[in-house]
Amino acid sequence: MTTATHPNPQTTPQPATDFLPIDAWDHVEFFVGNALQAAQYYRNLFGFEIVAYAGLETGLRDRASYVLKQNNITFVLTTALQPDSEIALHCLKHGDGVKSIALRVKDVEKAIRAVKDRHATIVQQPTTLKDTHGEVVVASIKTYGETLHTFIQREAYKGPFLPGFQKFEMPKEARKVEPVGLQVIDHMVGNVELRAMNFWVDFYRDVMGFEQLAHFDDKQISTEYSALMSKVMTDGKGKVKFPINEPAEGRRKSQIEEYLDYYKGPGVQHAALLTGDIFETVRRLRTNGMRFLRVPDTYYEALPARVGPIKEDINVMKELGILFDRDEEGYLLQIFTQPVQDRPTLFYEVIERHGSRGFGIGNFKALFVSIEEEQKRRGNL
Ligand code: FE2
(Lines give C-alpha, C1' and ligand atoms only; values in the text may rest on other atoms or scores of the structure.)
Protein backbone atom coordinates (compact mmCIF):
# COMPACT_ATOMS: atom_id res chain seq x y z
CA MET A 1 0.00 0.00 0.00
CA THR A 2 1.26 3.45 -0.76
CA THR A 3 2.30 5.64 2.11
CA ALA A 4 2.38 8.79 0.01
CA THR A 5 1.10 12.00 1.49
CA HIS A 6 -1.97 13.30 -0.28
CA PRO A 7 -3.00 16.69 0.98
CA ASN A 8 -6.74 17.17 1.01
CA PRO A 9 -7.51 20.02 -1.42
CA GLN A 10 -10.06 21.51 1.02
CA THR A 11 -7.41 21.96 3.68
CA THR A 12 -4.40 22.71 1.49
CA PRO A 13 -3.66 26.44 1.49
CA GLN A 14 -4.02 27.72 -2.08
CA PRO A 15 -1.72 30.41 -3.47
CA ALA A 16 -3.38 33.84 -3.40
CA THR A 17 -3.49 34.05 -7.20
CA ASP A 18 -2.93 31.39 -9.80
CA PHE A 19 -0.66 33.37 -12.14
CA LEU A 20 -0.60 30.56 -14.72
CA PRO A 21 -4.16 29.19 -15.03
CA ILE A 22 -4.11 26.03 -17.17
CA ASP A 23 -7.32 24.82 -18.82
CA ALA A 24 -6.24 21.39 -20.07
CA TRP A 25 -3.57 19.26 -21.68
CA ASP A 26 -3.53 20.43 -25.32
CA HIS A 27 -1.23 17.91 -27.00
CA VAL A 28 2.11 16.12 -26.77
CA GLU A 29 4.56 16.52 -29.65
CA PHE A 30 7.13 13.78 -30.32
CA PHE A 31 10.23 14.10 -32.50
CA VAL A 32 10.60 10.75 -34.29
CA GLY A 33 12.78 9.20 -36.98
CA ASN A 34 9.89 8.36 -39.31
CA ALA A 35 6.56 10.05 -38.57
CA LEU A 36 4.68 8.33 -41.41
CA GLN A 37 5.43 4.92 -39.92
CA ALA A 38 5.11 5.98 -36.25
CA ALA A 39 1.60 7.30 -37.04
CA GLN A 40 0.60 3.81 -38.17
CA TYR A 41 2.07 2.30 -34.97
CA TYR A 42 -0.11 4.60 -32.83
CA ARG A 43 -3.10 3.91 -35.08
CA ASN A 44 -2.78 0.13 -35.18
CA LEU A 45 -1.64 -0.56 -31.61
CA PHE A 46 -3.29 2.24 -29.60
CA GLY A 47 -6.33 2.81 -31.82
CA PHE A 48 -5.63 6.49 -32.51
CA GLU A 49 -7.20 8.17 -35.53
CA ILE A 50 -4.85 10.14 -37.79
CA VAL A 51 -6.74 13.43 -38.14
CA ALA A 52 -4.37 16.04 -39.58
CA TYR A 53 -1.13 16.42 -41.49
CA ALA A 54 1.41 19.10 -42.41
CA GLY A 55 4.47 18.64 -44.63
CA LEU A 56 5.84 19.36 -48.09
CA GLU A 57 2.33 19.23 -49.61
CA THR A 58 1.10 21.94 -47.21
CA GLY A 59 4.10 24.23 -47.71
CA LEU A 60 6.48 23.07 -44.94
CA ARG A 61 10.05 22.52 -46.15
CA ASP A 62 11.90 21.10 -43.12
CA ARG A 63 9.44 18.75 -41.40
CA ALA A 64 6.35 16.58 -41.62
CA SER A 65 3.82 16.17 -38.79
CA TYR A 66 0.91 13.79 -38.23
CA VAL A 67 -1.77 14.55 -35.63
CA LEU A 68 -3.41 11.61 -33.84
CA LYS A 69 -6.51 11.74 -31.71
CA GLN A 70 -8.37 9.46 -29.33
CA ASN A 71 -11.11 11.14 -27.25
CA ASN A 72 -9.31 14.04 -25.46
CA ILE A 73 -5.77 12.83 -26.20
CA THR A 74 -3.87 14.53 -29.03
CA PHE A 75 -0.40 13.37 -30.08
CA VAL A 76 1.69 15.01 -32.79
CA LEU A 77 4.45 13.01 -34.47
CA THR A 78 7.04 15.20 -36.19
CA THR A 79 10.01 14.15 -38.29
CA ALA A 80 12.86 16.01 -40.03
CA LEU A 81 13.16 16.27 -43.81
CA GLN A 82 16.77 17.52 -43.68
CA PRO A 83 19.79 16.24 -41.71
CA ASP A 84 20.78 19.60 -40.19
CA SER A 85 17.39 20.41 -38.62
CA GLU A 86 16.92 20.55 -34.84
CA ILE A 87 14.47 17.65 -35.22
CA ALA A 88 17.07 15.40 -36.89
CA LEU A 89 19.68 16.32 -34.25
CA HIS A 90 17.14 15.65 -31.48
CA CYS A 91 16.42 12.17 -32.91
CA LEU A 92 20.13 11.44 -33.43
CA LYS A 93 20.85 12.17 -29.78
CA HIS A 94 17.71 11.01 -27.98
CA GLY A 95 16.03 8.58 -30.35
CA ASP A 96 12.27 9.01 -30.63
CA GLY A 97 10.91 10.99 -27.71
CA VAL A 98 8.73 13.77 -26.38
CA LYS A 99 9.76 17.26 -27.51
CA SER A 100 6.92 19.32 -26.09
CA ILE A 101 4.11 18.98 -23.57
CA ALA A 102 1.59 21.57 -24.73
CA LEU A 103 -0.82 23.12 -22.24
CA ARG A 104 -3.99 25.02 -23.13
CA VAL A 105 -4.39 28.48 -21.62
CA LYS A 106 -6.83 31.36 -22.24
CA ASP A 107 -4.15 34.03 -22.73
CA VAL A 108 -0.68 33.06 -24.01
CA GLU A 109 0.69 36.65 -23.79
CA LYS A 110 -0.24 36.79 -20.12
CA ALA A 111 1.13 33.30 -19.43
CA ILE A 112 4.48 34.15 -21.01
CA ARG A 113 4.69 37.48 -19.18
CA ALA A 114 4.09 35.65 -15.87
CA VAL A 115 6.72 32.96 -16.40
CA LYS A 116 9.22 35.41 -17.92
CA ASP A 117 9.00 37.55 -14.77
CA ARG A 118 9.90 34.36 -12.91
CA HIS A 119 12.95 33.69 -15.09
CA ALA A 120 11.62 31.03 -17.47
CA THR A 121 13.76 30.47 -20.58
CA ILE A 122 11.56 31.52 -23.49
CA VAL A 123 12.15 29.43 -26.63
CA GLN A 124 9.34 30.91 -28.72
CA GLN A 125 7.76 34.29 -28.02
CA PRO A 126 3.96 34.48 -28.36
CA THR A 127 3.24 33.96 -32.05
CA THR A 128 -0.15 34.22 -33.77
CA LEU A 129 -0.80 31.57 -36.42
CA LYS A 130 -3.71 32.11 -38.83
CA ASP A 131 -5.53 30.34 -41.61
CA THR A 132 -9.08 30.26 -42.94
CA HIS A 133 -10.26 28.38 -39.80
CA GLY A 134 -9.23 31.19 -37.43
CA GLU A 135 -6.20 31.87 -35.27
CA VAL A 136 -4.12 30.30 -32.52
CA VAL A 137 -1.48 31.87 -30.27
CA VAL A 138 1.50 29.69 -29.29
CA ALA A 139 4.66 30.18 -27.20
CA SER A 140 7.21 27.82 -25.66
CA ILE A 141 9.49 27.65 -22.64
CA LYS A 142 12.19 25.19 -21.62
CA THR A 143 11.80 22.52 -18.97
CA TYR A 144 14.08 19.54 -18.13
CA GLY A 145 16.58 18.34 -20.75
CA GLU A 146 15.56 19.47 -24.23
CA THR A 147 11.87 19.19 -23.39
CA LEU A 148 9.57 22.18 -23.82
CA HIS A 149 6.24 23.37 -22.49
CA THR A 150 4.19 25.02 -25.21
CA PHE A 151 1.27 27.27 -24.28
CA ILE A 152 -1.64 27.21 -26.70
CA GLN A 153 -4.58 29.61 -26.94
CA ARG A 154 -7.09 28.17 -29.39
CA GLU A 155 -10.57 29.49 -28.53
CA ALA A 156 -10.69 31.36 -31.88
CA TYR A 157 -9.81 28.30 -33.97
CA LYS A 158 -12.05 25.75 -35.70
CA GLY A 159 -9.58 23.80 -37.88
CA PRO A 160 -8.41 20.19 -37.51
CA PHE A 161 -5.36 21.07 -35.33
CA LEU A 162 -3.29 24.23 -35.84
CA PRO A 163 -3.16 26.70 -38.75
CA GLY A 164 -1.27 25.15 -41.66
CA PHE A 165 -2.44 21.59 -40.94
CA GLN A 166 -4.89 19.95 -43.30
CA LYS A 167 -7.35 17.17 -42.61
CA PHE A 168 -5.72 13.75 -43.02
CA GLU A 169 -7.55 11.49 -45.46
CA MET A 170 -7.20 7.74 -44.99
CA PRO A 171 -7.75 5.66 -48.12
CA LYS A 172 -11.48 4.79 -48.27
CA GLU A 173 -10.67 1.07 -48.36
CA ALA A 174 -8.60 1.23 -45.15
CA ARG A 175 -9.75 -1.06 -42.35
CA LYS A 176 -11.36 0.96 -39.56
CA VAL A 177 -9.27 0.84 -36.39
CA GLU A 178 -11.29 0.78 -33.17
CA PRO A 179 -10.26 3.15 -30.36
CA VAL A 180 -9.17 1.22 -27.23
CA GLY A 181 -10.98 3.51 -24.76
CA LEU A 182 -8.16 5.91 -23.81
CA GLN A 183 -9.81 9.14 -22.65
CA VAL A 184 -7.31 11.79 -21.54
CA ILE A 185 -3.75 12.19 -20.26
CA ASP A 186 -3.59 11.55 -16.51
CA HIS A 187 0.04 12.53 -15.85
CA MET A 188 3.37 12.94 -17.67
CA VAL A 189 6.53 11.83 -15.87
CA GLY A 190 10.00 13.31 -16.29
CA ASN A 191 13.29 11.56 -15.48
CA VAL A 192 16.10 13.91 -14.39
CA GLU A 193 19.69 13.35 -13.24
CA LEU A 194 20.78 12.37 -9.73
CA ARG A 195 20.24 15.34 -7.38
CA ALA A 196 18.35 17.38 -10.02
CA MET A 197 14.81 16.50 -8.87
CA ASN A 198 14.56 19.36 -6.38
CA PHE A 199 15.82 21.87 -8.95
CA TRP A 200 12.90 20.94 -11.25
CA VAL A 201 10.42 20.80 -8.36
CA ASP A 202 11.48 24.38 -7.57
CA PHE A 203 11.12 25.29 -11.26
CA TYR A 204 7.49 24.07 -11.35
CA ARG A 205 6.75 25.83 -8.05
CA ASP A 206 8.58 29.14 -8.60
CA VAL A 207 8.33 29.63 -12.38
CA MET A 208 4.97 27.96 -13.12
CA GLY A 209 3.18 28.38 -9.76
CA PHE A 210 2.62 24.64 -9.28
CA GLU A 211 2.26 22.89 -5.94
CA GLN A 212 3.71 19.65 -4.68
CA LEU A 213 1.10 16.89 -4.50
CA ALA A 214 3.13 13.96 -3.27
CA HIS A 215 6.63 12.85 -2.38
CA PHE A 216 8.12 9.36 -2.51
CA ASP A 217 11.59 8.73 -1.20
CA ASP A 218 14.05 5.96 -1.83
CA LYS A 219 12.92 4.03 1.25
CA GLN A 220 9.47 3.68 -0.33
CA ILE A 221 10.70 2.87 -3.83
CA SER A 222 13.72 0.67 -3.47
CA THR A 223 14.95 -2.89 -3.61
CA GLU A 224 18.27 -4.40 -2.67
CA TYR A 225 19.60 -3.25 -6.03
CA SER A 226 18.08 0.00 -7.15
CA ALA A 227 15.92 2.90 -6.07
CA LEU A 228 14.31 6.09 -7.24
CA MET A 229 12.91 9.24 -5.72
CA SER A 230 9.90 11.09 -7.03
CA LYS A 231 7.96 14.29 -6.37
CA VAL A 232 4.68 15.16 -8.05
CA MET A 233 3.87 18.73 -9.11
CA THR A 234 0.42 19.98 -10.15
CA ASP A 235 -0.94 23.29 -11.44
CA GLY A 236 -3.21 25.55 -9.35
CA LYS A 237 -6.41 24.07 -10.81
CA GLY A 238 -5.19 20.46 -10.62
CA LYS A 239 -5.59 19.94 -14.39
CA VAL A 240 -2.10 18.59 -15.10
CA LYS A 241 0.30 16.48 -13.03
CA PHE A 242 4.05 16.14 -13.50
CA PRO A 243 5.89 13.57 -11.38
CA ILE A 244 9.67 14.15 -11.49
CA ASN A 245 11.93 11.14 -10.85
CA GLU A 246 15.61 11.00 -10.05
CA PRO A 247 17.74 7.90 -9.48
CA ALA A 248 18.69 7.05 -5.91
CA GLU A 249 21.82 5.23 -4.83
CA GLY A 250 21.52 1.47 -5.20
CA ARG A 251 23.91 -1.41 -5.68
CA ARG A 252 23.03 -1.67 -9.36
CA LYS A 253 21.91 0.66 -12.11
CA SER A 254 18.39 1.99 -11.48
CA GLN A 255 15.75 2.07 -14.22
CA ILE A 256 16.07 5.89 -14.18
CA GLU A 257 19.81 5.67 -14.90
CA GLU A 258 19.14 3.24 -17.73
CA TYR A 259 16.73 5.79 -19.22
CA LEU A 260 19.24 8.66 -18.80
CA ASP A 261 21.99 6.56 -20.42
CA TYR A 262 19.90 5.84 -23.51
CA TYR A 263 18.00 9.13 -23.81
CA LYS A 264 21.33 10.90 -23.26
CA GLY A 265 19.87 13.16 -20.62
CA PRO A 266 16.61 14.09 -18.91
CA GLY A 267 13.30 13.66 -20.70
CA VAL A 268 9.79 12.26 -20.53
CA GLN A 269 9.79 8.72 -19.08
CA HIS A 270 6.11 7.86 -19.44
CA ALA A 271 2.72 9.27 -20.23
CA ALA A 272 -0.19 7.85 -18.24
CA LEU A 273 -3.45 7.62 -20.19
CA LEU A 274 -6.78 7.38 -18.38
CA THR A 275 -9.43 4.80 -19.29
CA GLY A 276 -12.89 4.12 -17.87
CA ASP A 277 -12.51 0.35 -18.42
CA ILE A 278 -8.94 -0.85 -18.08
CA PHE A 279 -9.90 -4.51 -18.62
CA GLU A 280 -11.41 -3.77 -22.04
CA THR A 281 -8.63 -1.29 -22.96
CA VAL A 282 -5.85 -3.76 -22.10
CA ARG A 283 -7.64 -6.62 -23.85
CA ARG A 284 -7.79 -4.52 -27.04
CA LEU A 285 -4.20 -3.30 -26.70
CA ARG A 286 -2.96 -6.87 -26.24
CA THR A 287 -4.99 -8.04 -29.26
CA ASN A 288 -3.39 -5.20 -31.25
CA GLY A 289 0.08 -6.49 -30.32
CA MET A 290 1.09 -4.13 -27.50
CA ARG A 291 3.65 -5.60 -25.07
CA PHE A 292 3.42 -4.90 -21.35
CA LEU A 293 5.73 -5.23 -18.39
CA ARG A 294 5.52 -8.84 -17.21
CA VAL A 295 4.01 -9.18 -13.76
CA PRO A 296 5.27 -12.13 -11.68
CA ASP A 297 2.58 -14.51 -10.36
CA THR A 298 3.87 -13.78 -6.86
CA TYR A 299 2.53 -10.21 -7.25
CA TYR A 300 -1.07 -11.51 -7.29
CA GLU A 301 -0.39 -14.02 -4.51
CA ALA A 302 0.90 -11.21 -2.29
CA LEU A 303 -1.76 -8.65 -3.32
CA PRO A 304 -4.59 -9.38 -0.81
CA ALA A 305 -2.14 -9.21 2.09
CA ARG A 306 -0.68 -5.95 0.76
CA VAL A 307 -3.90 -4.03 -0.01
CA GLY A 308 -6.72 -5.89 1.78
CA PRO A 309 -9.91 -7.25 0.15
CA ILE A 310 -10.60 -5.86 -3.34
CA LYS A 311 -13.73 -5.69 -5.51
CA GLU A 312 -11.93 -6.42 -8.78
CA ASP A 313 -11.46 -9.97 -10.12
CA ILE A 314 -7.86 -10.90 -9.29
CA ASN A 315 -7.90 -13.76 -11.82
CA VAL A 316 -8.75 -11.39 -14.70
CA MET A 317 -6.19 -8.88 -13.41
CA LYS A 318 -3.59 -11.65 -13.43
CA GLU A 319 -4.60 -12.84 -16.91
CA LEU A 320 -4.17 -9.30 -18.30
CA GLY A 321 -1.25 -8.20 -16.09
CA ILE A 322 -3.19 -5.36 -14.45
CA LEU A 323 -1.86 -3.90 -11.19
CA PHE A 324 -3.74 -2.59 -8.17
CA ASP A 325 -2.92 0.03 -5.55
CA ARG A 326 -4.89 1.63 -2.76
CA ASP A 327 -4.58 4.70 -0.58
CA GLU A 328 -6.78 6.46 1.96
CA GLU A 329 -8.97 7.99 -0.80
CA GLY A 330 -9.68 4.94 -2.94
CA TYR A 331 -7.93 2.62 -5.38
CA LEU A 332 -6.50 2.55 -8.86
CA LEU A 333 -5.78 -0.04 -11.55
CA GLN A 334 -2.77 0.42 -13.82
CA ILE A 335 -0.45 -1.29 -16.29
CA PHE A 336 2.85 -0.33 -17.92
CA THR A 337 3.83 -0.99 -21.53
CA GLN A 338 7.27 -2.00 -22.72
CA PRO A 339 9.26 0.90 -24.23
CA VAL A 340 7.67 2.00 -27.53
CA GLN A 341 10.95 2.48 -29.42
CA ASP A 342 14.17 0.43 -29.58
CA ARG A 343 15.93 2.46 -26.90
CA PRO A 344 14.67 1.61 -23.38
CA THR A 345 13.28 5.11 -22.88
CA LEU A 346 9.64 6.24 -23.30
CA PHE A 347 6.79 3.92 -22.30
CA TYR A 348 3.09 4.28 -21.47
CA GLU A 349 0.89 3.63 -18.49
CA VAL A 350 -2.83 2.90 -18.72
CA ILE A 351 -4.70 3.86 -15.56
CA GLU A 352 -8.25 3.61 -14.20
CA ARG A 353 -9.02 5.56 -11.04
CA HIS A 354 -11.58 4.81 -8.34
CA GLY A 355 -11.13 7.70 -5.93
CA SER A 356 -7.37 7.38 -5.56
CA ARG A 357 -5.34 10.35 -6.77
CA GLY A 358 -2.08 8.46 -6.22
CA PHE A 359 0.39 7.05 -8.71
CA GLY A 360 0.54 3.39 -7.75
CA ILE A 361 3.78 3.80 -5.88
CA GLY A 362 3.10 0.58 -3.97
CA ASN A 363 3.35 -1.17 -7.33
CA PHE A 364 6.70 0.34 -8.19
CA LYS A 365 8.33 -1.49 -5.34
CA ALA A 366 6.34 -4.67 -6.06
CA LEU A 367 7.39 -4.44 -9.70
CA PHE A 368 11.04 -3.54 -9.29
CA VAL A 369 11.98 -7.19 -9.49
CA SER A 370 10.17 -7.45 -12.82
CA ILE A 371 11.64 -4.17 -14.12
CA GLU A 372 15.11 -5.38 -13.16
CA GLU A 373 14.55 -8.68 -14.95
CA GLU A 374 13.83 -6.69 -18.13
CA GLN A 375 16.96 -4.58 -17.58
CA LYS A 376 19.00 -7.76 -17.16
CA ARG A 377 17.64 -9.10 -20.47
CA ARG A 378 18.90 -5.88 -22.09
CA GLY A 379 22.33 -6.33 -20.45
CA ASN A 380 21.83 -3.13 -18.42
CA LEU A 381 21.85 -4.27 -14.82
FE1 FE2 B 1 2.70 6.93 -13.73
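Annotations
- Flag if residue 280 is over 17 Å from residue 341 (Cβ atoms) and either hydroxyl-bearing (Ser, Thr, Tyr) or surrounded by fewer than 17 Cβ atoms within 10 Å (Cβ to Cβ) (or both): yes
- Number of positions in the stretch 125-157 that are small (Gly, Ala, Ser) and assigned to a strand (DSSP E or B): 3
- Residue in the stretch 119-133 that is of a type outside the set (Gly, Ala, Ser), more than 22 Å from residue 197 (Cα to Cα), touching a helix residue (DSSP H, G or I) at 6+ places or on another chain (Cβ under 6 Å) and surrounded by 14 or more Cβ atoms within 10 Å (Cβ to Cβ) present: yes
- Reported count of residues in the stretch 158-204, each being within 16 Å of the ligand (Cβ to nearest atom) and in a strand (DSSP E or B), is 10.
- Filtering 304, 266, 296 for residues that are open to solvent by 60 Å² or more (accessible area, probe 1.4 Å) and of a type outside the set (D, E, K, R) leaves a single hit, 304.
- Among residues of the stretch 59-108, those that are assigned to a helix (DSSP H, G or I), open to solvent by 30 Å² or more (accessible area, probe 1.4 Å) and closer than 27 Å to residue 235 by Cα, counted: 0
- In summary, residue 370 fulfils each of the numbered conditions (1) touching a residue at least 60 places away in the same chain (Cβ under 8 Å); (2) within 12 Å of the ligand (Cβ to nearest atom) with the single exception of condition (2).
- The stretch 332-373, residues that are in contact with a Lys or Arg (Cβ under 8 Å, 6 or more places away or on another chain) and open to solvent by 20 Å² or more (accessible area, probe 1.4 Å): 338, 366, 373
- The strands (runs of 3 or more DSSP E) found entirely in the stretch 256-355 that carry 3 or more residues being in contact (Cβ under 8 Å) with a residue 40 or more places away in the chain, in contact with a strand residue (DSSP E or B) (Cβ under 6 Å, 6 or more places away or on another chain) and within 16 Å of the ligand (Cβ to nearest atom) are 267-275, 330-336, 347-354.
- The residue that is modelled with the lowest pLDDT, counting only those in the stretch 240-254 that are over 14 Å from the mean Cα position of the chain (by Cα) and surrounded by fewer than 23 Cβ atoms within 10 Å (Cβ to Cβ), is 251.
- Filtered residues of the stretch 214-236 (kept if part of a strand (DSSP E or B) and modelled with pLDDT under 60): none
- Long-range neighbours under 9 Å by Cβ, at least six apart or interchain, first residue of a type in the set (Phe, Trp, Tyr) within the stretch 158-181, second in a loop (DSSP other than H, G, I, E, B): 165/159; 168/160
The values are calculated or read from the model by the stated rules, or taken from the named source; none is laboratory data. In this text, all values refer to a predicted model and were calculated from it rather than measured experimentally. Positions of Cβ are generated from backbone atoms using ideal geometry, with glycine treated the same way; all protein chains shown enter the neighbour counts. With ligands, DNA and RNA removed, areas are computed over all heavy atoms of the protein, side chains included. Shrake-Rupley method; radii C 1.70, N 1.55, O 1.52, S 1.80 Å.
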